Structure formats: structure tokens, C-alpha cells
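Working notes for the structure below.
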Amino acid sequence: METKPRIGFIGLGVMGKPMAKRLLEAGYPLTVWNRTRSKMESLISAGAKGADSPKEVAEKSDIVITMVTDSPDVEEVVLGPSGVIEGAREGLILIDMSTISPYVTKRIASQLAERGVKMLDAPVSGGDIGAEKGTLSIMVGGPKEVYEKCLPILKVLGKRITHMGPNGMGQMTKLCNQVICAINIQAVCEGLTLAAKAGLDLEKLLNVVTAGAAGSWMLSNLGPKMIKGDLEPGFRIRHQLKDLRLVLEAASDLKLPLPGTALVQQMLRAVEAGGLGDKGTQALIVAMEKLAGFKVSQGNEPET
């Protein structure tokens, strides 16, 4: 019986913790680290080993997965003091499943290569629900042979896994994904606001339009939350804003106009300015309600 590789997991947030849990349940030896140590406790109780630093995670692992917030966070846990690179040895593989800059990804991969470490950038889509169920869509950049070696691990976490090209192409794919997601959320908000203002039954509306050409993941999963006024996060506003910043930086580098994306970024910024940056992306409905002077989740109470 083939011995499973030892996995290290860094970053146990809304997405990282259920992903790490799935790997543990699949029988992979797991070492975890998180800045807030309390987030490690449930996994340690379930059989994972805790580490005191990303360096220690690397020392105890064959494959290290990072799932943190932004480019500087990945650089810190991978290349910084007591980072992965300090505990790395030739043959170690790093899979970064965060959503960060494609350009930063290439730079990190280059520095790791100097130490004999191979890297995949493998950002995901599917939210906390997908992380819990193992149905994430995973877009991967990096050497094809490393991708194939890591595919059994990625299959524990995702349903559709696609190799997109060399390092950075996984992240670029994710940025394209976020453009489509963000504009889709705006479309759901506008459709529901129109329906509510016109006096339609919103439950019936969702039932009929999700079955037709307007159907989408965002409509099916976030639409019901919007009409209930449930703003609790699966994916936070501030994280979506970070992703759209990366999108617009890439678009600027490519001299590419993305007017719809820029609009949604500003709508999300308005929600964040209202103190809701840690709410889910469905909280974009709040900005629409303010523009409309109409409370969608309550049907007919004007926004004050």
C-alpha cells in the first residue's frame, strides 16, 4: 500500500479549515499552522499536528498548501522570517491556493526554484460550501508533472481541476473568474431590487428564473440570502475587493478596460464604507437598497 505524502496546511480561515479537514479525513498525515492558534485546535483534536511556524510546517511535510488572504501574506509565510523557504528542502512542493497577484506568484515560484522547491498556484472557486463538500473548481498554474503528482490531493478538495499553464496562469484564471462572479452578483442584486419594487413574490421569482437562462451559482446560492437579509459571510466583501483590486491592476498592466468590474468594485466599496466589509458578498444588496430607497429583504420598507 502506497504511503500518502505528508501535507502541511497554512491558513485556517473560512476556506482553509474545511479544506484541511477534508485532507485529514482522507487519511493524509497533516500538520497545520495559523496565525490565530485557536483556529488550529479542532484539527489538532481530530488528529492533525500543530506547528509553531510555517518553517516547521515545511520541515514536517512533503507538500505544503497555503490558503491565506493576499499577496503580502503569501510572501510572508513562504519567503519571510520563519517562512516555508527556511524549512524547505529539495523536492518539497508548495501549492498556493490563495488568490493573489499572478506576478507575485511568478516571483515566489522563481525564488523557491532556487532552493529546489516546485510550486503550483491553484486558486479555487466555490465558496465555503464548495470547501466543505469538496466540490471546488481549482485552476492550476505550474509544471505539468507537478500538477499530475498533486492531482490526487486536489481531487479531495475539488470537483473540476484544470491545468491552465505555467506559474501565474492559475491566478490569472481566478481573476477572470472573479470578474464574472462580481458582475453576476450585481446582476442578481438589480434583478431582485426590480422584482421587490414591482411587488413580485421573491421566492417564486427565484424558483422560476434559476431554472432558465438567468440561472447561476450566484443566483441560486446568494439570491435566497439576499431576500432573507442574511449577510453572514461565505466569501467576505473585503476579500472580493482585494480580488477586484488584483483584477484591475492586471487590466491596467494589459491596458484593458473593464468598465463593469470597476462599477462593481465601487458598489462594494460603498458597502465596505458602511461598515460591512466582513459580511458576505451578498451584502452588495445593501448598496442597491440605498440607491433605490427600498429594502429588498423586507419588501416595502424604504431604506433610511
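Numbers at a glance
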| quantity | calculated |
| --- | --- |
| Neighbour net charge for LEU206 - beta-carbon separation under 15 angstrom, K R +1, D E -1 | -1 |
| Farthest positive-ward along region 1-143 dipole, Cα basis, beta-carbon charges - from ALA26, ALA88, LEU120 | ALA26 |
| Rounded accessible area per residue of the chain, 1.4 Å, Å² | 46 Å² |
| Exposure ranking of VAL64, VAL179 by accessible area [1.4 Å probe, largest first] | VAL179, VAL64 |
| Ranked order, LEU94, LEU202 - accessible area, probe 1.4 Å, largest first | LEU202, LEU94 |
| Within a Gaussian network of the chain (alpha carbon springs, distance under 10 Å), most fluctuating of LEU205, LEU24, LEU241 | LEU205 |
| The chain: angle of helix 16-25 to the longest principal axis, Cα-based, in degrees nearest 10 | 50 degrees |
| With every protein chain in place, the chain: carbon and sulfur % of accessible area (1.4 Å) | 54 percent |
| Cα-derived Rg to Rh of region 1-151, Kirkwood definition | 0.92 |
| At R0 = 30 Å, FRET efficiency that the Cβ-Cβ distance of LYS290 and ARG35 yields, to 0.05 | 0.30 |
| Around GLY116: net Lys/Arg minus Asp/Glu count, Cβ-Cβ under 9 Å | +1 |
| Candidate residues ASP253, ASP121: accessible-area rank, largest first, probe 1.4 Å | ASP253, ASP121 |
| Inter-probe distance in nm under a simple model that places probes 7 Å from Cα toward Cβ, at LYS228 and ALA187 | 2.4 nm |
| Mean-position separation - Cα centroids, region 25-53 and region 168-220, in angstrom | 36 Å |
| Rounded to whole Å, sorted largest first: equivalent-ellipsoid semi-axes of region 231-295, Cα gyration tensor | 23, 14, 8 |
| Selection from PHE235, PRO224, GLY274, by position along the positive dipole direction of region 201-285 (Cβ) | GLY274 |
| Those aspartates and glutamates that a straight Cα-Cα span of less than 17 Å connects to LYS118, excepting residues fewer than 8 apart in one chain | GLU59, ASP62, GLU75, GLU86, GLU90, ASP96, GLU145, GLU148 |
| Area accessible to solvent at TYR103, 1.4 Å probe radius, in Å² | 90 Å² |
| Whole-Å semi-axes of region 1-84's equivalent ellipsoid (Cα gyration tensor) | 19, 14, 11 |
| Charge sum, other residues only, whose C-beta stays under 14 Å from ALA182's C-beta, Lys/Arg counted +1 and Asp/Glu -1 | +3 |
| Assigned charges on the beta-carbon of Lys, Arg, Asp, Glu; region 209-304 dipole about Cα centre (debye) | 80 debye |
| Area accessible to solvent at GLU272, 1.4 Å probe radius, in Å² | 70 Å² |
| P(r), alpha carbons of the chain - 10 Å bins starting at zero, rounded % | 6, 27, 32, 21, 11, 3, 0 |
| In degrees, nearest ten, helix 237-253 long axis to first principal axis of the chain (Cα) | 80 degrees |
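The values are calculated or read from the model by the stated rules, or taken from the named source; none is laboratory data. Keep in mind the model is a prediction, meaning the values are calculated, not measured. No Cβ is skipped: glycine too gets one built from the backbone with ideal geometry, and neighbour counts run over all protein chains shown. Accessible surface areas use protein heavy atoms only, side chains included; no ligands, DNA or RNA. Shrake-Rupley method; radii C 1.70, N 1.55, O 1.52, S 1.80 Å.
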